[in-house]
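First the structure, then my questions, so here it is.
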Amino acid sequence: MMQKTMYTQWLPLALLLCLAMAAYDLWSQQQHAQVRLSNSQTEVQHIQTLAQRYTLIKGTNGPITRFSQNQAAANWLVTHAKQQGLTPKATPSNTAKQIQMNFEQAHFNRLVQWLEQAENKSNLIAVKADLNAHTNAGYIAGQITFEMN
């Protein structure tokens with residue numbers, strides 16, 4: 001009889017101890033989750049600040065020109081390239097939605113800038129480039145293939 005009383009006396013305390021250990025584990029996990037959440041929020045704020053700085057420095061891209069016809073896209077690419085001081089020849093594909101731009105002599109930095117702007121301001125994406133060094137330093141020759149996205 002005494003053993004039965006002892007079990008009934010200590011069983012609630014043992015269960016309470018198990019419950020306390022489980023509660024502590026959950027509380028600890030909650031604390032870690034709150035720290036991770038706080039760190040993530042700080043990181044998001046930092047990224048937003050960097051994005052705002054980038055937008056101020058670089059400016060917005062403006063409206064995107066969407067092309068559905070190869071010839072219109074080729075004309076736009078040539079006009080846009082000439083504005084950058086490049087002299088390309090465009091060859092639109094008759095079957096695929098691709099435009100091949102050929103450069104006999106293009107200043108490398110201007111070409112890179114033109115590529116970036118062309119992709120940012122239109123639905124055209126450079127999918128292939130075959131470029132070689134030109135005899136003049138800082139210049140290249142070759143072709144770039146664009147595709148309508």
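Calculate the FRET efficiency for E116 and S68 from the Cβ-Cβ distance with a Förster distance of 22 Å, rounded to the nearest 0.05. Numbers along the way, then the final one.
Working: r = 23 Å, r/R0 = 1.04.
Approximately 0.45, to the nearest 0.05.
Please say if segment 100-149 is rounded, prolate or oblate, where rounded means a/c under 1.5 for a ≥ b ≥ c the square roots of the C-alpha gyration tensor eigenvalues, and otherwise the choice is prolate for a/b larger than b/c and oblate otherwise?
Values: a/c = 3.35, a/b = 1.76, b/c = 1.90.
Oblate, since a/c reaches 1.5 and b/c is not below a/b.
If you compute Kirkwood radius over Cα pairs in Å for the structure shown, which of (1) 15.3; (2) 20.8; (3) 17.6 do you land on?
Of the listed options (1) 15.3; (2) 20.8; (3) 17.6, (2) comes from this structure.
What does the helix-only formula give at 222 nm for the chain: each DSSP H stretch with n ≥ 4 adding -39500 (n - 2.57), the total divided by the residues, and the result rounded to the nearest 500 deg cm²/dmol?
Numbers: 3 runs with 85 residues, N = 149.
So the calculated ellipticity at 222 nm is -20500 deg cm²/dmol.
What does the accessible area per residue of segment 90-149 come to in Å², with a 1.4 Å probe and no ligands, DNA or RNA counted?
So segment 90-149 comes to 58 Å² accessible per residue, rounded to a whole number.
Tell me which of V127, Q83, G138 sits at the most positive position along the dipole axis of segment 82-149, charges placed on C-beta atoms (Lys, Arg +1; Asp, Glu -1).
Farthest towards the positive end: Q83.
So how tilted is helix 2-58 from the main axis of the chain? Cα-based, degrees 0 to 90, rounded to 10.
Once rounded, one gets 20 degrees.
In degrees, nearest 10, range 0 to 90: what is the angle between the Cα axis of helix 70-83 and the longest Cα principal axis of the chain?
80 degrees
Can you grab the distance from the C-alpha centre of segment 82-116 to the C-alpha centre of segment 35-49, Å, no decimals?
Taking the Cα centre of each part, segment 82-116 and segment 35-49 sit 41 Å apart.
Net charge around K128, counting only other residues with Cβ within less than 14 Å of its Cβ (Lys, Arg = +1; Asp, Glu = -1)? The partial results should precede the final answer.
Numbers: positive: K97; negative: E119, D130, E147.
Result for the local shell: -2.
Which of T95, F67, W10 sits closest to the plus end of the dipole of the chain, meaning its Cα is farthest towards the positive end, when Lys and Arg get +1 and Asp and Glu get -1 on the C-beta?
Value: F67.
Using Cα-Cα distances under 8 Å and only pairs 6 or more residues apart, what relative contact order does the chain have, in percent?
It rounds to 18 percent for the chain.
The values are calculated or read from the model by the stated rules, or taken from the named source; none is laboratory data. Predicted model, so just to flag it, every value in this text is computed and none were measured. Quick reminder, even Gly has a Cβ in these numbers, built from the backbone with ideal geometry, and neighbours come from all protein chains shown. All accessible areas refer to the heavy atoms of the entire protein, side chains included, with ligands and DNA or RNA removed. Shrake-Rupley method; radii C 1.70, N 1.55, O 1.52, S 1.80 Å.
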